[in-house]
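The values are calculated or read from the model by the stated rules, or taken from the named source; none is laboratory data. Fair warning: this is a prediction, and the values are worked out from it, not measured in the lab. Here the Cβ positions follow ideal geometry from the backbone for every residue, glycine too, while neighbour counts run over all protein chains shown. The accessibility values were calculated without ligands, DNA or RNA, using every heavy atom of the protein model including side chains. Shrake-Rupley method; radii C 1.70, N 1.55, O 1.52, S 1.80 Å.
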Amino acid sequence: MANHQRRPSSVNQASAVASQDIPASRDLQPVADTSQPVADPPDAQSRRVIIDRVRPSVDDGRFPVKRTMGESIEIVATIFADGHDVIAAAVKDRAGSDADGPWRETPLTLAAPGTDQWTAPFDLPSIGWHKYAVIAWIDRFGTWRRDLAIKVAAAQDVGVELLEGALRVRAAAARADAVGSGADAANWLLTQADALSEASPIADRVVTALGEELARLMRLYDDRAPVTSSKLLRVRVDRERARFGAWYEMFPRSAGAGTGRGGTFKDACALLAGVADLGFDVLYLPPIHPIGKSFRKGPNNTLSAGPDDPGSPWAIGSADGGHTAIDPGLGTLDDFASFRRTAKRQGLEIALDLAFQCSPDHPWVREHPEWFRHRPDGTIKYAENPPKKYQDIYPFDFACEEWRSLWRALLDVTLFWIGQGIRIFRVDNPHTKSLGFWEWAIAEVQTRHPDVIFLAEAFTRPAVMQYLAKVGFTQSYSYFTWRNTKVELTDYLTELTASPPREYLRPNLFANTPDILHAYLQTGGRAAFQARLLLAATLGASYGIYSGFELCEAQAVTGTEEYFESEKYQVKHRDWDRPGHIKELIARVNRIRRHHRALQFDWTLAFHETDNPEIIAYSKTSPDGADALLMIVNLDPLHMQHGHVDVHVPGSRFFTAHDLLDDATYAWRDGWNYVRFDPDIRQGHILKLESAS
């Protein structure tokens, strides 16, 4: 039989049932808990203003944002308070080296009514560390001034309000007088307080109260307490070369001009003028140290090296020394110093490779075996990147028991070369070393030498590349080498220039490296090299090529991205003037880069629509808007491509497009314009648009 429950038959019955479950109201009175004392509210709770989401910041201030000297940094913060009082806010900043100096203060302004978004830029005039924080407070004088204006507009009596204002101005004068440099301000404020309180017409006193100079000085000397402050944030300010530069990679041992021997630094001096004529800023050298003989690699990475094979420069160390020695085949430390000075006279800065690994013959293998990983049989493990094996290289164990002495030794290597005048380092495979080491070592270096630049050669997962940039690397290699289609380039460059990592990761767009000869270059012929040069040099403020690119060297080991007869394992003599080179184009592009600030920054990159997927168009503008260029590149190196590009020049129906590559001029109109590219004639445009109407 079903079990039926009886429901209340009336409202009164329902109330009766409810009253059995819910205590009477007298039982709900709070009972004081005297077992625990009531804590006083913290001082911070008395601050009425809230500062939220200060931008830019990296990982909530764990790491610094990055800028270069002369740039400004735009601060944005969400700031609000209870009630309707006026808020005042500012960003305070100072150079990290000026630990005891005064804070500079820049007022923040409300971006738009009702948004609670406050913003202000401040400039960064010196390299090194910079600290900043957002502060905000209730602006009592500003609130009084606003309310006074409202009451005056409503024809209300404001006599008492003016006396109230006079008291506040007198208090501010006292604070100004207490500041050594504020005596003049104090006297002026006292005259204003007198004007507010004297028996003069109300209208005249109101004019005094609403004066802009009074508002400015009251902002400086009015009582702000209590002030809310954000956490202290940091910005790393680097020299311009950290943001903008053209890099050229060269093996000095290949400068022997076909003499049958490897080149020396003295031989390489003869090539410096040619590199400078191409318009490069940085000359990067692979490791210049003694090369081990044990397990030395032969041509094309073979395991059987002949007696005259030079081996890989990355197999560092022999009986002739280690990371602070010069390979005897290149010369002496004095020869290197002479080479560096000659390069400097040509306008070239030398960058050295930091490759923290050893050959089996490195002195450290004998002196510090505890710094390496060992197999069960006691032998030291060589480097592997399966299926690749590097029998000629021993990696360090950055987590060995004696890691502190290892870390200090590697820092000393870096400081040694800084002592030889080097201020730029390209770091080999930093992602295979301790990330904590890099954070410590780079900070130690840049504390002593703020102008030093570190480029991370880390072709690895995005999160690791980004973390290396966060911990201190000034620049980063990128995936540009493998991005060749319009969609790939658009998506990737947008990611680099318009997403949060742009605050700390500066890409260096190398078109090729000794390790990477992309299939696009292997099969595309001269036009492919032209296209990739134009893309690298105009998409990125920093870009680079490895020597031989200007000769369109394209022969690879079948089925790989490895150069055939790679210069990593043998001396390579070149005819620098052989037919088919693109040296004139490289020189022209680098001149354009130097003359146009639009190409010296990354963040202003904007892509334009085209109706042909093989044609990519994009523009760049200098931060002040005074310089703007439009680039159009044919991505197909094998076929003629044509189509239309959507271009707009504000305020102009008609304009001229002046090609800076060949001085050709085109008459264009607002909207879609026709372009045509023949690989035998041109692969792209760098256009300066000039209004015609």
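Overview of results
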quantity	calculated
Cleavage-rule hits, trypsin sites (Lys or Arg not before Pro), region 208-237, DSSP coil, Cβ neighbours within 10 Å at most 12	K231
Phi to ³J(HN,Hα) by Karplus 6.51 cos²θ - 1.76 cosθ + 1.60 over region 123-136, Hz, x for Gly, Pro	8, 10, x, 9, 7, x, 7, 9, 10, 8, 8, 9, 10, 8
Those lysines that a straight Cα-Cα span of less than 17 Å connects to K92, excepting residues fewer than 8 apart in one chain	K131, K231
Relative contact order %, region 107-168, counting alpha carbon pairs below 8 Å whose residues are six or more apart	18
Carbon + sulfur, % of accessible area of region 359-420 - ligands and nucleic acids excluded, 1.4 Å	50
Sparse-neighbourhood loop sites, chymotrypsin sites (Phe, Trp or Tyr not before Pro) in region 310-411 - DSSP loop, at most 11 other Cβ within 10 angstrom	none
Cα-only Debye scattering, the chain: base-10 log of I(q)/I(0) at q = 0.05, 0.12 Å⁻¹	-0.38, -1.29
Solvent exposure of the chain as accessible area per residue, Å², 1.4 Å probe	47
List C552, C358, ordered by accessible area with a 1.4 Å probe, largest first	C552, C358
In order through region 162-171: 3J(HN,Hα) via Karplus (6.51 cos²θ - 1.76 cosθ + 1.60), integer Hz, x for Gly, Pro	5, 5, 4, x, 4, 4, 5, 5, 5, 5
Total charge dipole magnitude, the chain, about the Cα centre, Cβ charges on Lys, Arg, Asp, Glu only, Debye to nearest 20	460
Counted charge near R168, where neighbours are those whose Cβ lies closer than 12 Å (Asp, Glu -1; Lys, Arg +1)	-1
Inter-probe distance in nm under a simple model that places probes 7 Å from Cα toward Cβ, at V207 and E690	5.2
Additional length obtainable on full extension of the chain from D82 to T119, 0.36 nm per residue less Cα span	11.3 nm
Rounded to 5, the percent of DSSP beta bridges in the chain classed as antiparallel	70
Heavy-atom accessible surface of region 84-184: percent carbon and sulfur, 1.4 Å	56
E609-E584 FRET efficiency (beta carbon distance; Förster radius 45 Å; 0.05 resolution)	0.90
Percent carbon-and-sulfur accessible area, region 437-566, ignoring ligands, DNA and RNA, probe 1.4 Å	55
Heavy-atom SASA rank of V557, V54 (probe 1.4 Å, accessible area, largest first)	V557, V54
The chain, relative contact order [Cα under 8 Å, separation at least 6], %	9
Per-pair calculated FRET efficiency, R0 = 51 Å: H644 and E240 via Cβ, rounded to 0.05	0.85
Unsatisfied cross-links (Cα-Cα over 22 Å) in the set K344/K572; K266/K297; K293/K568; K297/K572	K344/K572; K266/K297
Charge tally in the Cβ shell below 10 Å around K381, where Lys, Arg are +1 and Asp, Glu are -1, K381 excluded	0
Accessible area in the full protein assembly, largest first, 1.4 Å probe, for V49, V152	V152, V49
Region 269-338 and region 381-429: distance between their alpha carbon centers, rounded to Å	17
